[in-house]
Structure formats: C-alpha cells, structure tokens
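Visitor: Okay, handing you the structure first.
Any read-out appearing in this document is the output of simple, stated calculations on the displayed coordinates, not a laboratory observation. Predicted model only: the values in this text are computed from it and were never measured. With ideal geometry, Cβ positions are generated from the backbone for all residues, glycine too; neighbour counts draw on all protein chains shown.
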Amino acid sequence: MPDAPTATRTTDPAGHPALHADALAVLGDWAPTSPAAAAARNRTLDLLAAGPVAMSRAHRAGHVTASALVLDPTGERVLLCLHGKFKRWVQLGGHCEPADRTLAGAALREATEESGIAGLRVDPVPIDVDVHPVACQGGSLHYDVRFAVLAPPGAMERVSDESEALGWFPPDRLPQPLAGGTAQLVAPALAALRRAPLRPAP
C-alpha cells in the first residue's frame, strides 16, 4: 500500500469527523472475513475511540488507512503495484485525506490516483482489515481497511509517482516478492464480485 509523499499533502487531525463516523459505522456492522480480520477490526475500533484524530497520519499511536484490490471485469486478473520504497508487490491504497467522507471512497480515490484508471467501482463492504507497522511519523501502525474495486472493460493503467510498476496477475499466480497480507485479499474480493456488482463510492 503506497505511502503518499508527506510534502505533497496536508492532514488536519481534526478534519475527519465524517470519515471517523463512517469508519465506526462500517466496522461496527461488518462481518469479518477471517479470525485475523476480526481481531484487527476489534483493534481498529479500539483505536477509533480516540476520535477523528485516529484517521490522521499525525496520530503516532496509529491511524486508519484504506486500500483496494482492483479486479478486472471477469475476476480473472488483479492489479498490483510494485511499491517504490519497500520493493514488494502490493494492493493499491494509502492515507485518508480530510476531503474523504467514507472509507470506501478513500480506497476508491487511492486506487484511481495510483492506477490512473477512470471509472473504477467499489464494493462499500470491506473485504479485510489488517494492522501492521510502518515507518511514517518515525514509526507508527496502519489500521488498514481493504475493499474490492472493479476496473471497467479495456482499462489501461498508468504508473504513478508512488510505484515503480503496475501489473495484472491471475489470482492464483501472484508476483514475488509479495507484501504480507495481499494474497489473503483475493478470496474475499472474488466473493464480493460474485455477490453484487461493484458500484461507485457514496
């Protein structure tokens, strides 16, 4: 999940009340897709007790992020990026921004920015939650809420400044080296695609 350069974005710790409310509602109602996701969801709800600041990268104790596993219309390929910093293939995603109103919308924005693909659609029901250490702010935790995103037919990706490469891969033949936690997104993302057509974020 690529980290956006701090110099190009600003984050007001008090600027996320709507997003914080959405995170509480989405995660409170969510049926976790695995025991590990359930534990991470509970840790994230505990973090959210700190208030809207928990959505901001300025919160050193940890902050909520949003990422997306992008699927082609058939579900036969997933789009991953080769992260420019830690040199592993990973799903698209990153920090929430003050203008984000929903977690699904934040994931869709990040996927659009990092893939260069217009017309992406998102399932607003998370497919996973994962907590992992990161280097931002001198050392913190990302409480990452993950979503399934569908690319339109004939989508052409464009590499952003935050990655070295983008690539489409069969779900059962993901590239190496692969970031930890990325492979576990495939099954719930495909289930989301089968469950209902993915749609634009609210």
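Visitor: Could you tell me how many degrees, from 0 to 90 and to the nearest 10, lie between the Cα long axis of helix 186-195 and the main elongation axis, the longest principal axis, of the Cα atoms of the chain?
Guide: 80 degrees
Visitor: OK, next. Can you grab the distance from the C-alpha centre of the stretch 171-192 to the C-alpha centre of the stretch 138-153, Å, no decimals?
Guide: Between the Cα centre of the stretch 171-192 and that of the stretch 138-153, the gap is 13 Å.
Visitor: Still on this structure, I have one more. Per-residue counts of other Cβ atoms within 10 Å, averaged by peptide: what ranking do you get for 121-132, 61-72, highest first?
Guide: Averaged packing, sorted descending, gives the order 61-72, 121-132.
Visitor: Which angle between 0 and 90 degrees, to the nearest 10, do you get for helix 17-29 versus the longest principal axis of the chain when only C-alpha atoms count?
Guide: Tilt of helix 17-29: around 70 degrees.
Visitor: Testing the spin-label approximation: label points 7 Å from Cα along Cα→Cβ at ALA50 and SER34. State their distance in nm.
Guide: It works out to 2.5 nm between the two label points.
Visitor: To the nearest 20 debye, what is the magnitude of the charge dipole of the chain about its Cα centre, counting +1 on the Cβ of each Lys and Arg and -1 on the Cβ of each Asp and Glu?
Guide: 200 debye
Visitor: Quick one: pull the percentage of alpha-carbon pairs in the chain with a separation above 24 Å. Could the numbers behind the result be given before it?
Guide: Working: 6554 of 20301 pairs.
Pairs farther apart than 24 Å: 32 percent.
Visitor: What's the long-distance tail for the stretch 100-202, i.e. % of Cα pairs beyond 22 Å? Show your work: numbers first, answer last.
Guide: Working: 1761 of 5253 pairs.
Within the stretch 100-202, distances greater than 22 Å cover 34 percent of Cα pairs.
Visitor: In a shell of Cβ-Cβ distance under 13 Å around LEU48, excluding LEU48 itself, what net charge do Lys and Arg (+1) and Asp and Glu (-1) give?
Guide: On the way: positive: ARG41, ARG43; negative: ASP22, ASP46.
My count for the surroundings of LEU48 gives 0.
Visitor: Which of PRO17, VAL145, ALA135 sits closest to the plus end of the dipole of the chain, meaning its Cα is farthest towards the positive end, when Lys and Arg get +1 and Asp and Glu get -1 on the C-beta?
Guide: About the Cα centre, the residue reaching furthest to the positive side is VAL145.
Visitor: Which angle from 0 to 90°, rounded to the nearest 10, does the C-alpha axis of helix 103-115 make with the longest principal axis of the chain?
Guide: 50 degrees
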